[in-house]
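Undergrad: Dropping a structure here in structure tokens format, bear with me for questions.
The values are calculated or read from the model by the stated rules, or taken from the named source; none is laboratory data. This is a predicted model, so every value here is computed, not measured. All Cβ positions, glycine included, derive from the backbone under ideal geometry; neighbour counts span all protein chains shown. Areas reflect the complete protein model, heavy atoms only, side chains present, ligands, DNA and RNA absent. Shrake-Rupley method; radii C 1.70, N 1.55, O 1.52, S 1.80 Å.
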Amino acid sequence: MKKPSLHQPILFFFLATLLPLILTVHSQPSPSPSPSDDSDFIQRSCNTTLYPDVCVSSLSNFSTYVHNDPALLARAAISVTLSKALELGKYLSNVSTLLEIHEDGVPHPTAAAVFHDCFETLKDAVDEMRDSMKQMRDLVTTGSLESFRFQMSNVQTWLSAALTNEETCTDGFKDVQDEPRKDEVCARVDGVKKLTSNALALVNRCVDNAIH
């Protein structure tokens, strides 16, 4: 089985540091409603997600940037999700490497394989989130409705695939026994899944608003 590159944790850290800046670089604030109106917009939007509390807490810092724009809110949600997924990938890479070198002197072949498989499927999810983020940055809202729906359907497809990969990430852990980091990893992946689900819900809401 191919081992993760030693450069991967560094790359993950580098990207995780830069990605939160994506939204602010491409979405400079402009005159807008009051901060309370912006916060109300986020609350109303998050109420349409499966995890509204997670949604509000993860996006409240973006209120002055997204204003009342559903597309910018969806973009912010993807940006936050991508950053958290990169942090998780860095953690998984480090843990799988430690298990492979038997940090406690006891081989963990099953655990190492499961952690590595989870890491690999998470990398696929990250790629799909990157594609979603790029599409949202390049989103053209001045064209036809058909063009807009096509662009957004790409985002919906990629985020759905990312969510599937995140669910696959933890499938193998049922075969892992007595691994102290198992619960922590599953909890971290579950957190990213909730963010991904919310981001997809906000993308769906953006499409619905444009149609109606």
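Undergrad: Considering only residues that are of a type outside the set (V, I, T) and either modelled with pLDDT under 80 or touching an Asp or Glu at 6+ places or on another chain (Cβ under 7 Å) (or both), which ones fall in the range 123-144?
TA: Scanning the range 123-144 gives A125, G143, S144.
Undergrad: Still on this structure, please answer the following. Answer yes or no: is there a residue in the range 140-149 that is under 14 Å from the mean Cα position of the chain (by Cα) and under 16 Å from N204 (Cβ atoms).
TA: The answer is no, given that none of the residues of the range 140-149 is under 14 Å from the mean Cα position of the chain (by Cα) and under 16 Å from N204 (Cβ atoms).
Undergrad: If I ask for residues that are closer than 24 Å to R75 by Cα, without any contact (Cβ under 8 Å) to a residue 24 or more places away in the chain and of a type in the set (A, V, I, L, M, F, W, C), which ones from the range 136-192 would you list?
TA: Of everything in the range 136-192, those that are closer than 24 Å to R75 by Cα, without any contact (Cβ under 8 Å) to a residue 24 or more places away in the chain and of a type in the set (A, V, I, L, M, F, W, C) turn out to be V140, F150.
Undergrad: Does the range 110-123 contain at least one residue that is open to solvent by 40 Å² or more (accessible area, probe 1.4 Å), farther than 26 Å from L202 by Cβ and of a type in the set (S, T, Y)?
TA: Yes; the residues of the range 110-123 include at least one that is open to solvent by 40 Å² or more (accessible area, probe 1.4 Å), farther than 26 Å from L202 by Cβ and of a type in the set (S, T, Y).
Undergrad: Return the only residue of V176, V185, V189 being open to solvent by less than 10 Å² (accessible area, probe 1.4 Å), more than 29 Å from S57 (Cα to Cα) and among the β-branched types (V, I, T).
TA: V176
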